[in-house]
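Asks: Before we start, here is the structure in question, set down as structure tokens.
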Amino acid sequence: MATQTAKQGGSKRTATRTYQISVIPGDGTGPEVVREGCKVLEAAAAREGFTIAWHRYDLGGTRYLRTGETLPESVLKELRDTEAIYLGAIGHPDVKPGVLERGILLRLRFELDQYINLRPVKLYPGVWTPLRDKGPEHINFTVVRENTEGLYAGVGGFLHRGGPDEVALQTSVNTRRGVERCVRFAFDYTRKRNVRRKLTLCGKTNVLTYAHDLWQRVFEDVAKEYADIQTDYVHVDACCMWMLKNPEWFDVIVTDNMFGDIITDLGAMIQGGMGVAAGANLNPQGVSMFEPIGGSAPKYTGQDVINPLAAICAGAMMLEHLGQPAAAEAIERAVIQVTSTKLKSLAAGAMGHSTSEVGDLVVAALGA
Ligand code: IPM
Ligand code: MN
């Protein structure tokens with residue numbers, strides 16, 4: 001997909017790399033934040049000398065209500081052929097909970113085997129946190145959430161549904177292969193991140209004595225190959241407590257799908273809210289997907305008040321993943337400049353600027 005172009009009038013050849021990126025704006029405020037993200041990514045690409053070809057897909061609640069389709073096979077096939085997916089939000093108030101989440105978002109994660117959900121919890125300068133006496137030097141860790149197994153696997157069923165003897169089962173699936181690849185990724189990531197070189201396993205070994213026993217044994221086995229990484233363990237309930245009381249204890253946390261879902265919403269709040277929380281669904285050998293973690297925020301839809309920074313930061317994670325770390329760092333620096341000097345708040349409607357103005361401010365800061 002790289003195109004070679006000869007510079008006019010010279011013998012020197014420069015390679016202009018064009019990335020083929022799928023875009024799923026999705027539901028609610030998804031299209032508004034993705035629009036700003038694309039704007040910023042294009043500005044960063046121009047700055048670093050590469051280009052992006054966007055391939056748009058109208059998956060989401062509106063299409064489902066019109067056609068009954070969630071994720072058609074033909075679309076899935078096309079997504080597999082692009083280099084990454086940039087997603088806004090999935091979830092529609094007129095669609096029964098679970099239909100779009102399972103049918104689109106989780107199906108994408110599973111079908112594309114995006115087995116890591118990487119969620120940085122980083123408080124940027126100038127951003128308000130509900131934790132008194134904590135600042136950017138205390139809140140800077142990343143959660144590595146397993147993304148294809150656990151309680152999300154969809155294994156279970158009903159007996160006597162609706163009756164007085166009803167039984168509902170939902171089984172947590174934990175395979176050695178699935179746990180090991182996640183844990184291994186987390187060790188590698190901790191080493192590469194190279195901040196405090198500390199990896200904490202978050203589980204519930206005192207109650208989930210099968211599933212989390214497996215996690216702990218795998219964690220301890222893999223740890224032997226990473227003597228340079230300090231290891232630690234916390235139960236998930238205590239993890240929530242320490243995330244509020246001493247967030248500076250954490251560098252990287254690895255955990256299962258359900259616990260990762262829960263603790264990353266808590267993480268989002270201490271880093272300034274859903275307006276800034278970004279995540280990456282990674283398949284290191286395949287097609288990865290990048291999204292703000294906040295959801296479709298129906299009540300703010302179409303008002304140009306939602307904060308696009310989470311989508312912009314997810315875009316930066318995508319560029320980093322695609323091998324453009326300079327562009328990713330430039331976006332992060334620009335976002336920090338905007339949060340520390342321009343925004344009144346990160347909350348929707350309270351930023352002191354509209355959604356599109358915040359995108360413009362980040363673009364302007366990129367050029368500065
Ligand atoms: C998230 C979301 C999803 C999840 C929902 C929408 C299915 O909460 O990305 O954290 O539970 O994984
Ligand atoms: Mn969640």
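Asks: Given the chain, what percent of its DSSP beta bridges are antiparallel, to the nearest 5?
Replies: Rounded to the nearest five, the antiparallel share is 45 percent.
Asks: Long-range amide H contacts for Tyr233: which residues qualify at under 5 Å (H placed 1.01 Å from N, peptide plane, sequence gap of 5 or more or a different chain)?
Replies: Leu201
Asks: On to the next question. Quick one: of the DSSP bridges fully inside the range 80-228, what percent are antiparallel, nearest 5?
Replies: In the range 80-228, DSSP labels about 100 percent of beta bridges as antiparallel.
Asks: What 222 nm value per residue comes from the helices of the chain, counting each DSSP H run with n ≥ 4 as -39,500 (n - 2.57) and dividing by all residues, nearest 500 deg cm²/dmol?
Replies: -11500 deg cm²/dmol
Asks: Any idea how far the Cα center of the range 290-368 sits from the one of the range 88-145, in Å?
Replies: For the range 290-368 versus the range 88-145, the Cα centre distance is 15 Å.
Asks: So, one more: Roughly how many Å² is the accessible area per residue of the range 129-271, as a whole number, for a 1.4 Å probe?
Replies: 49
Asks: Just to confirm a number: summing +1 for Lys and Arg and -1 for Asp and Glu over residues other than Glu78 whose beta-carbon lies under 13 angstrom from that of Glu78, what do you get?
Replies: Value of the local net charge: -2.
Asks: Let me ask another. Sorting check: for 100-112, 161-173, 284-296, which peptide has the highest mean count of neighbouring beta carbons within 10 Å, and how do the rest follow?
Replies: The peptides rank, most packed first, as 284-296, 100-112, 161-173.
Asks: What does the accessible area of Cys182 come to, in Å² to the nearest 10, when a probe of 1.4 Å is used?
Replies: Cys182 has an accessible surface of roughly 0 Å² with all protein chains in place.
Asks: Among Val155, Val218, Val305, which one moves the most in a GNM of the chain with springs linking Cα atoms closer than 10 Å?
Replies: Val155
Asks: Quick one: ranking Ile263, Ile336 by accessible area, 1.4 Å probe, largest first, what do you get?
Replies: Per-residue accessible area, sorted high to low, gives Ile336, Ile263.
Asks: Quick check: with the 1.4 Å probe, what order do Lys342, Lys204, Lys224 take by accessible area, largest first?
Replies: Lys224, Lys342, Lys204
Asks: Tell me, what HN-Hα J-couplings in whole Hz come from the Karplus equation 6.51 cos²θ - 1.76 cosθ + 1.60 at θ = phi - 60° for each residue of the range 175-192, using x for Gly and Pro?
Replies: Each residue of the range 175-192 in turn: 9, 4, 4, x, 5, 5, 5, 6, 4, 5, 4, 5, 5, 4, 5, 4, 5, 5 Hz.
Asks: Still on this structure: Please report the accessible area of Asp58 (heavy atoms, 1.4 Å probe, ligands and nucleic acids excluded) in Å², nearest 10.
Replies: My reading of the accessible area for Asp58 is about 80 Å².
Asks: Another question about this same structure. With a 1.4 Å probe and all protein chains left in place, how much of the accessible area of the chain comes from carbon and sulfur atoms, in whole percent?
Replies: 53
Asks: Taking only protein heavy atoms into account and a 1.4 Å probe, give the accessible area per residue of the range 62-115 in Å².
Replies: 48
Asks: How fast does the range 129-271 diffuse by Stokes-Einstein, in µm²/s, taking the Kirkwood radius from C-alpha pairs at 25 °C and 0.890 mPa s?
Replies: The calculation lands on 152 µm²/s.
Asks: For the chain, rounded, prolate or oblate, judged on the Cα gyration tensor with a ≥ b ≥ c (square roots of eigenvalues), a/c < 1.5 rounded, else prolate if a/b > b/c?
Replies: rounded
Asks: What accessible area, in Å² to the nearest ten, does a 1.4 Å probe give for Tyr152?
Replies: Tyr152 exposes around 40 Å² with every protein chain in place.
Asks: Still on this model: Which whole-number percent is the relative contact order of the chain (Cα, under 8 Å, 6+ apart)?
Replies: In percent, rounded to a whole number, it is 23.
Asks: Probe radius 1.4 Å, ligands and nucleic acids left out: which of Trp128, Trp54 has the largest accessible area, and how do the rest follow?
Replies: Trp128, Trp54
Asks: Taking only Cα atoms of the range 185-233, what ratio of Rg to Rh do you get with Rh as the Kirkwood inverse-distance radius?
Replies: Result: Rg/Rh = 1.01.
Asks: Here is a follow-up. Using θ = phi - 60° and the Karplus curve 6.51 cos²θ - 1.76 cosθ + 1.60, what whole-Hz ³J(HN,Hα) does each residue of the range 292-302 get, with Gly and Pro shown as x?
Replies: Taking θ as phi minus 60°, the curve returns x, 8, x, x, 8, 6, x, 5, 9, 4, x Hz for the range 292-302.
Asks: May I ask you to give the average projected area over all directions of the convex hull of the Cα atoms of the range 240-368, in nm² rounded to one decimal?
Replies: Its average projected convex-hull area is 9.1 nm².
The values are calculated or read from the model by the stated rules, or taken from the named source; none is laboratory data. Nothing here was measured: the structure is a model prediction, and the numbers come from that model. So basically every Cβ, Gly included, is an ideal-geometry build from the backbone, and we count neighbours across all protein chains shown. Accessible surface areas use protein heavy atoms only, side chains included; no ligands, DNA or RNA. Shrake-Rupley method; radii C 1.70, N 1.55, O 1.52, S 1.80 Å.
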